[in-house]
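Scroll down for the structure; my scribbles are underneath it.
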Amino acid sequence: MPDIIDSLDGLASMCHGYPSDPHNTELYGKIVSTCSELAYQYLRADYYVPPTVGRMVYRKYGDGGDIHINRTVQEICSKGRSMDAIVSRQRVKDIRLDNFAFVIDRSDAITAKGLGRKIGTHIGISKNPEILEKIAAISILESIKKTADAIDVVTYGNDVKGPFNEQQYTYREMLLDVGKGANRLDLALARLLQLQWDRRPGVKRLIILTSGMPETGRMNLLDDIEVQETALQYLGHMQKRGVRILYLPVIVDETFANKRVGSHSPRSFAQKITRLGIPIAELEDLETLPDVLRDGFKQMLSCRMHVSLFE
C-alpha cells in the first residue's frame, strides 16, 4: 500500500476544487476514500478500543439460573440453610461507553482569505488552513466512527451550531462550509457544558480543531481577554471531570502564530493550554499532517488524568 503522504497534494487540490463542482460524486468519493486511507494508516481504530473492567459477580438464587455447589456449601456452613445463601458466581466485563466530541473552528481566521487579511499576504493552497482543517476533520471522523458509541460535532464562528451526529453534519457540508466570523471557542465549550456532556457515563474524549486564538472580533482588549480566559477555565473544568482533550491548532504562518490579540497570540494560547496538562499538536503543513495527528492522539490517550476528589 503506497504511503498516503504521496497523495496529500492531490487531496488538497481536490478539496480546494470541490466547492466549485459540488455535484461531482466521483471527486467527492476520492476525497473521502483518501481521508479514510489516511485514517487507516495513521489513526487506526485499535488506538481507541474502549477499556473494559473485569470483575466477579455473585448471583443469588431466584427460582432460575445455575446453582454453584461449592459456593452453596460455603454459604450454608456460615449462614445456615437459607435460600438467600444459595448463589452462583460469574465473571463479567463492563464495557465503558466511548463518547467523542469534536469541536471544529469555522471562523474567518481558518480561511485563506481571512488569514491573508490578518497577516497582509497571499496564502496558497498548500498552506491554506481551511484545507488542512477539512482533511484533518474527515480523517479523524473516519477513524473514530468505527469505535465511538456517540459522536457529537460542534462547529463555531461567531455562533455555535450543534452538536450534530455524523449523519447530521456530513462530509459534503464540511467541504462546502465557508468560515466566517470570530473564533468563539468559549461559546462552543459552553454549549457542551450546558448539555452536561462532561457528565456522561463512560470515557469522554474531546478534540478541538481551531485556528488557534479565541477572540470577539471587535478589537476590544478586555473583551478578548475575557473570552480567552473563559475558554481556559472551561477546558480546566472539563479536564477535572476526567475528559481527555486534544488541542489541534492550525498554525501555518509564523507571523500569525505570534500575533497578539487580547492577552495571547495563537502560540502563547497553545502554550497556556499545555501548562494545564492538555496535549497539543500543531498542524503546520500537509506533509507533516498525518504524523502530527497520530502523535497527538497517542499523547491524548497516554496522558495521566488528575481528577479532583472534591469537585
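The values are calculated or read from the model by the stated rules, or taken from the named source; none is laboratory data. All values reported here derive from a predicted model rather than from experimental measurement. Glycine also receives a Cβ, built like all others from the backbone with ideal geometry; neighbour counts cover every protein chain displayed. SASA here: full protein model, heavy atoms, side chains in, ligands and nucleic acids out. Shrake-Rupley method; radii C 1.70, N 1.55, O 1.52, S 1.80 Å.
General observations
- Which numbered condition Tyr171 fails, given (1) touching a helix residue (DSSP H, G or I) at 6+ places or on another chain (Cβ under 8 Å); (2) under 19 Å from Tyr247 (Cα atoms); (3) aromatic (Phe, Trp, Tyr): (2)
- Evaluation of Lys113 against (1) surrounded by fewer than 21 Cβ atoms within 10 Å (Cβ to Cβ); (2) assigned to a helix (DSSP H, G or I); (3) in contact with a Ser or Thr (Cβ under 8 Å, 6 or more places away or on another chain) (one fails), failing number: (3)
- Condition broken by Val178, with the remaining ones in (1) of a type in the set (Val, Ile, Thr); (2) under 30 Å from Leu27 (Cβ atoms); (3) without any contact (Cβ under 8 Å) to a residue 24 or more places away in the chain satisfied: (3)
- Filtering the stretch 125-141 to residues that are surrounded by fewer than 21 Cβ atoms within 10 Å (Cβ to Cβ) and either among the charged types (D, E, K, R) or not in a helix (DSSP H, G or I) (or both) leaves only Lys127.
- Of all residues assigned to the stretch 96-106, at least one qualifies as being out of contact with any Lys or Arg (no Cβ under 9 Å at 6 or more places or on another chain) and within 16 Å of Val252 (Cβ to Cβ).
- For beta carbons closer than 8 Å, sequence separation of 6+ or different chains, a first residue in the stretch 292-305 that is aromatic (Phe, Trp, Tyr) and a second that is modelled with pLDDT under 85 and open to solvent by 60 Å² or more (accessible area, probe 1.4 Å), the qualifying pairs are Phe297/Tyr47.
- Of all residues in the stretch 20-34 being closer than 18 Å to Val178 by Cβ and touching a residue at least 60 places away in the same chain (Cβ under 8 Å), the one that is least open to solvent (accessible area, probe 1.4 Å): Ile31
- Considering (1) under 30 Å from Arg218 (Cα atoms); (2) at pLDDT 90 or above, the lone condition that Arg244 does not fulfil carries the number (1).
- Residue satisfying condition, being at pLDDT below 65, under 30 Å from Tyr171 (Cβ atoms) and of a type in the set (Phe, Trp, Tyr), within set Tyr40, Tyr58, Tyr48: Tyr48
Yes or no, residue by residue, for (1) closer than 17 Å to Gly181 by Cα; (2) within 16 Å of the chain's Cα centre (by Cα); (3) not in a helix (DSSP H, G or I):
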{"site": "Pro214", "(1), (2), (3)": "yes, no, yes"}
{"site": "Gly217", "(1), (2), (3)": "yes, no, yes"}
{"site": "Asp224", "(1), (2), (3)": "yes, no, no"}
{"site": "Tyr234", "(1), (2), (3)": "no, yes, no"}
{"site": "Leu246", "(1), (2), (3)": "no, yes, yes"}
{"site": "Val252", "(1), (2), (3)": "no, no, yes"}
{"site": "Phe269", "(1), (2), (3)": "no, no, no"}
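- Unmet criterion (only one of (1) surrounded by 15 or more Cβ atoms within 10 Å (Cβ to Cβ); (2) modelled with pLDDT of 85 or more) for Cys303: (2)
- Scanning the stretch 147-192 for residues that are part of a helix (DSSP H, G or I) and either loosely packed, with under 15 Cβ neighbours inside 10 Å or among the charged types (D, E, K, R) (or both) yields Arg172, Glu173, Leu176, Asp186, Arg191.
- Selection of the stretch 246-267 for residues being open to solvent by 20 Å² or more (accessible area, probe 1.4 Å), over 16 Å from Leu286 (Cα atoms) and in contact (Cβ under 8 Å) with a residue 60 or more places away in the chain yields Thr255, Lys259.
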